[in-house]
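Visitor: One structure is given below, represented as structure tokens, and several questions about it will come after.
The values are calculated or read from the model by the stated rules, or taken from the named source; none is laboratory data. Computed from a predicted structure; not experimentally measured. Methodologically, a virtual Cβ is constructed for each residue, glycine included, from the backbone with ideal geometry; neighbour enumeration extends over all protein chains shown. Areas reflect the complete protein model, heavy atoms only, side chains present, ligands, DNA and RNA absent. Shrake-Rupley method; radii C 1.70, N 1.55, O 1.52, S 1.80 Å.
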Protein chains: 2
Amino acid sequence: MKKNSFTPEKGTVTTPQGFQAAGISVGLKRANKDMALIYSNRPAVVAGMFTTNLVPAHCVVYNKERVKNGHARALIVNSGNANCCNGEQGRLDNFEMAELTAAKLGLSPNEVLVLSTGVIGEPMNMEKIRAGIDMAAAALSNDGGLDAAQAIMTTDTVPKHFSAEFELDGHRCAIGVIAKGSGMINPHLATMFCIFTTDVAIQPALLQSAFQEAVEESLNRLTVDGEMSTNDSALIFANGAAGNREISKKNDDYHHFVDALRALAVEATKAIARDGEGATKLVTVTVNGAANESEAVTAAKAIANSMLVKTAIFGKDPNWGRVVQAAGASGAQINPAAFAVEFAGVKVAENGGRQPFDREKIIEMLEQKDVQVTIDLGVGHASATVFTCDLTFEYITINAEYHT
Amino acid sequence: MKKNSFTPEKGTVTTPQGFQAAGISVGLKRANKDMALIYSNRPAVVAGMFTTNLVPAHCVVYNKERVKNGHARALIVNSGNANCCNGEQGRLDNFEMAELTAAKLGLSPNEVLVLSTGVIGEPMNMEKIRAGIDMAAAALSNDGGLDAAQAIMTTDTVPKHFSAEFELDGHRCAIGVIAKGSGMINPHLATMFCIFTTDVAIQPALLQSAFQEAVEESLNRLTVDGEMSTNDSALIFANGAAGNREISKKNDDYHHFVDALRALAVEATKAIARDGEGATKLVTVTVNGAANESEAVTAAKAIANSMLVKTAIFGKDPNWGRVVQAAGASGAQINPAAFAVEFAGVKVAENGGRQPFDREKIIEMLEQKDVQVTIDLGVGHASATVFTCDLTFEYITINAEYHT
């Protein structure tokens, strides 16, 4: 099967069989839904990838331990408080969330994962959280995925959810994902939350391996503002409800599953970048002609994180000098006499210098919602693509006014 | 002598004896002065530090070669065109600038350095540059330093110039500096241009060594937007006009000179940060309790480059969680149970968690033009300080509208 040939649909985490979800409002935030619950009605295996921030939130520390078991059936989420830097009380509050959710669902606390996002260093309002767990458990439904997608949003402007369907040995399988951004997002595990469910049957170790493969070229290639949150988490639950032969080695079924997962992860990645704080555009940065893949990624991330490149795109200015400057400063090898740059599909520099171009045409292209920036470093044959957004007045407004 | 005990004065590069300067307008930019010339009326030694960007401007490549000789007497600057990525013609244009200046001053081209700043990848308007060299040479004067400081400005809003005076073996000595920012500024050789003159007599190798020592804890600890220009350069000319015993080893005179140079370089660094593109505040980030100095610098630069920290300060919000997040993501060791944070002189977090604080007082402190952010990582005993500015709407305006 061709890589990334899936056409993602607008399903959610309740698209795969055997999953229920809920998203409710308990008043942790002024308006909007603020707690979500996702539940598999049968045993499920789980895999996760987490922030490498050295000050991880309590939920991250807890989930990392749980995911090692390879089994979990439920996830409770609050989007009002990060529960980070809250000391022993924070650890206890996080555990209580798992415990209460488990009690409601008749599970062991070990089978429940927890995610929290919001302000750092504020005590949890456990009274509301407890009420929210009750409400969420009562609201679980077979089509609650969209509510859950809405309930995990913080400064996101749109809920992000996708699904893909495919066959494994004659069985119809599905993957669903809900995701949230939209600031404090950086290349290492680049989303606050990205939660996948699938009804595929797969062994825990292979689920973890498949997940890492899929995330490497998607969520790990996303940057909004170069920041890495204390809470970034990507999780996947697989409950085997599709009835396929359990994937127990890296066979064709495994690769087919990875391809579907990657396609969906790329879609979620683009959706998060497009809805980055204040963003008006999805910016796709592709580096070609790098010495090796690692240098291609380094250069692409440097360009994608460049405040000057991001403001130039917002200003609809084909300022290719800033692209070259960012690549040149990244540490990746670049040939000053051989690089080439394309801005929004138009060649603007070649052989290390400017190339006459139609300014009106390029400004018209920069009006689009999707902008492609491509640089060939003129050194080798490796490539990489990174997803980001432009930098706008609205980013400043959001982050100067998002008060503690 | 105590480190940094100098009180910098508002002198310029013509404060030291034997230096002349000029700043003139030849129409490379719509308004304002756009070419500067600095000249020592006697032989001088020179040292320099340059951008590590792998796509250096033609002037950087040229100056690096010249500085190796250790001798130069003049510097010609244009602030209208970066002359970067201009291929062989760019190299020739750069050399012609040196050649014409040398001819005007009766020097060898080897004795003339060149600096250019502005847009990347645009051909030079050599007709105007040639006229500008004539005008600048004719305008050289003993008090032309301020004109030169004005002529090197790009998006800077104020000219930056300082001087310090001191004695070496009974001889009155001086150092003067002019500097420009104010965007595309990052920790490695963090200014576009910072040009020092001194009448101290010192051997070339020791001048280079003294310069590196002084720059390490000043210009190399400056960041406005995490970007590293293709043109960043710091230069120092020393002509011995003060008549002191030539400094030929690392004796007391040498250390005295380094202290004065460092104090002045710190002052220039602060001035550049304070006048960063769109900045309303100078932000001084100090990291204490780090495992070693290198990790202290890493954490301080991560905090200083954090768009979330910079917007929080602009928004007058003591959002210490963002400071911890940036430090935690930097790779420097941090003890999540022991870190402490001070925002604008007020303790806001201790023992890894929040500390009750007077919000009104801190908001009042954040109204000031100078804001100090301090974090103790709770690991070891090393410290470092980095200088930056806040991130504002005006940064976006400047960089979305500074068209190619």
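Visitor: Are there any pairs with C-beta distances below 7 angstrom linking a residue in segment B:328-340 that is more than 8 Å from chain A (Cβ to nearest Cβ) to a residue that is open to solvent by 40 Å² or more (accessible area, probe 1.4 Å) and assigned to a strand (DSSP E or B), with the two at least 6 apart or on different chains, and if so which?
Guide: Here the result reads B:340/B:347; B:340/B:350; B:340/B:376, each pair linking segment B:328-340 to a residue that is open to solvent by 40 Å² or more (accessible area, probe 1.4 Å) and assigned to a strand (DSSP E or B).
Visitor: If only one of B:7, B:12 is closer than 21 Å to residue B:164 by Cα, more than 14 Å from chain A (Cβ to nearest Cβ), open to solvent by less than 40 Å² (accessible area, probe 1.4 Å) and part of a loop (DSSP other than H, G, I, E, B), which one is it?
Guide: Of the residues listed, the single one that is closer than 21 Å to residue B:164 by Cα, more than 14 Å from chain A (Cβ to nearest Cβ), open to solvent by less than 40 Å² (accessible area, probe 1.4 Å) and part of a loop (DSSP other than H, G, I, E, B) is B:12.
Visitor: Further, regarding this structure: Restricting to segment B:83-114, and then to whatever is modelled with pLDDT under 95 and touching a Cys at 6+ places or on another chain (Cβ under 9 Å), can you tell me which residue is nearest to the other protein chains (Cβ to nearest Cβ)?
Guide: B:84
Visitor: Out of the residues in segment B:313-325 meeting the condition of being free of Cβ contacts under 8 Å to residues at least 60 places away in the same chain and facing chain A (nearest Cβ under 7 Å), tell me which one is farthest from residue B:349 (Cα to Cα).
Guide: The extreme case among them is B:315.
Visitor: So which residues in segment B:252-264 are within 16 Å of residue B:165 (Cβ to Cβ) and not aromatic (Phe, Trp, Tyr)?
Guide: B:253, B:256, B:258, B:259, B:260, B:261, B:262, B:263, B:264
Visitor: For segment B:154-168, which residues satisfy the criterion of being touching a residue at least 40 places away in the same chain (Cβ under 8 Å) and open to solvent by 30 Å² or more (accessible area, probe 1.4 Å)?
Guide: The answer is B:154, B:155, B:157, B:158, B:165.
Visitor: Separate question: Just checking, how many residues over segment B:54-69 are in a loop (DSSP other than H, G, I, E, B) and open to solvent by 40 Å² or more (accessible area, probe 1.4 Å)?
Guide: 2
Visitor: Quick one: residue A:331 ticks every box in (1) buried (at least 24 other Cβ atoms within 10 Å of the Cβ); (2) out of contact with any Lys or Arg (no Cβ under 9 Å at 6 or more places or on another chain); (3) not β-branched (Val, Ile, Thr) bar one, so which box is it?
Guide: Answer for residue A:331: the failing condition is (1).
Visitor: Go through segment B:29-53 and give me each residue that's surrounded by 20 or more Cβ atoms within 10 Å (Cβ to Cβ) and either at positive phi or in a loop (DSSP other than H, G, I, E, B) (or both).
Guide: Across segment B:29-53, the qualifying residues are B:33, B:34, B:44, B:51, B:53.
Visitor: Among the numbered criteria (1) farther than 23 Å from residue B:43 by Cβ; (2) in contact with a strand residue (DSSP E or B) (Cβ under 7 Å, 6 or more places away or on another chain); (3) surrounded by 24 or more Cβ atoms within 10 Å (Cβ to Cβ), which one does residue B:120 miss?
Guide: Residue B:120 satisfies every listed condition except (2).
Visitor: On to the next question. Go through segment A:256-310 and report how many residues are within 14 Å of chain B (Cβ to nearest Cβ), of a type in the set (D, E, K, R) and within 23 Å of residue A:365 (Cβ to Cβ).
Guide: The number of residues fulfilling the criteria is 2.
Visitor: All but one of (1) under 28 Å from residue A:210 (Cα atoms); (2) open to solvent by less than 10 Å² (accessible area, probe 1.4 Å) hold for residue A:310; state the number of the condition that does not hold.
Guide: The failed condition is (1).
Visitor: Looking at segment A:342-352, is at least one residue in contact with a Cys (Cβ under 7 Å, 6 or more places away or on another chain), surrounded by fewer than 24 Cβ atoms within 10 Å (Cβ to Cβ), facing another protein chain (nearest Cβ under 9 Å) and closer than 16 Å to residue B:86 by Cβ?
Guide: Yes.
Visitor: OK, next. Report the residue count in segment B:70-82 for those that are open to solvent by less than 10 Å² (accessible area, probe 1.4 Å) and away from chain A (no Cβ under 14 Å).
Guide: Qualifying residue count, segment B:70-82: 8.
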